[in-house]
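Take a look at the structure set out below.
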Amino acid sequence: AMQLASGLVASWIVVFCCLVVSLVYIRMVAGVILVGREGLAVAACAACALVSCAIGTFIGAIPRLSSETKDVICTVLTMGLSLPAGLFGTPSQRLCDWLSANFPLVQLANPAVQVGEAFYRLTFYDSLVPFAGSLATLVAISAVLFAVAALFMRRQRYAYL
């Protein structure tokens, strides 16, 4: 358990640092103004890193699959979550809008949507309540994925005893 926890913390730190470097680039080089909310953007990076690590842990814990199969699942899942989040241009943005109007719970459960919404809400909303909602949703998604991964890992551990 200690090895798993330290591995997760190390993974989270690496992903978080990469996201912060990207945020610095977006702010300093691309010139995107965050209206004095850079600290909150760093908090969003922390939540995004957490959900990223949770997805990776979940996929890694799926029993009886080769690492190649898990790589494919990771790629397909990334693309599959990004499309309804509107990250592939105008047609996917229309799909995102349609899903948000007709299936809001599907969009609520999609971490790619919540990541985009967190930064959108941080940048364009006066109130921080919607932003906090996106961060809470990302943390909740992470908790569910970590819990399911823990169940998978526990079963695998007992299977080897």
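Taking chymotrypsin sites (Phe, Trp or Tyr not before Pro) across segment 81-161, the ones in a DSSP loop with at most 12 further Cβ atoms lying within 10 angstrom of their Cβ are Tyr125, Tyr160. Among the DSSP helices (H) of the chain, those spanning at least 15 angstrom by Cα along their long axis with an average Kyte-Doolittle hydropathy of 1.6 or more are 2-28, 38-61; this is a geometric and hydropathy rule only. Judged by the mean number of other Cβ atoms found within 10 Å, the most tightly packed of the peptides 13-21, 79-87 leads the ranking 79-87, 13-21. Remark on segment 8-88: Rg and Dmax equal 15.2, 48 Å (Cα only). Against the empirical curve 2.2 N^0.38 Å, the C-alpha radius of gyration of segment 1-149 lands at a ratio of 1.09. For Ser134, neighbours were defined as the other residues whose beta-carbon sits under 14 Å from its Cβ, and their charges (Lys and Arg +1, Asp and Glu -1) total +1. Across segment 1-88, Cα pairs under 8 Å and at least six residues apart give a relative contact order of 27 percent.
Where a number appears in this text, it was derived from the coordinates with a stated rule and is not lab data. This one's a predicted model, so the numbers in the text were calculated from it and none came from an experiment. Using ideal geometry, Cβ is built from the backbone for each residue, glycine included, and neighbour counts are taken over all protein chains shown.
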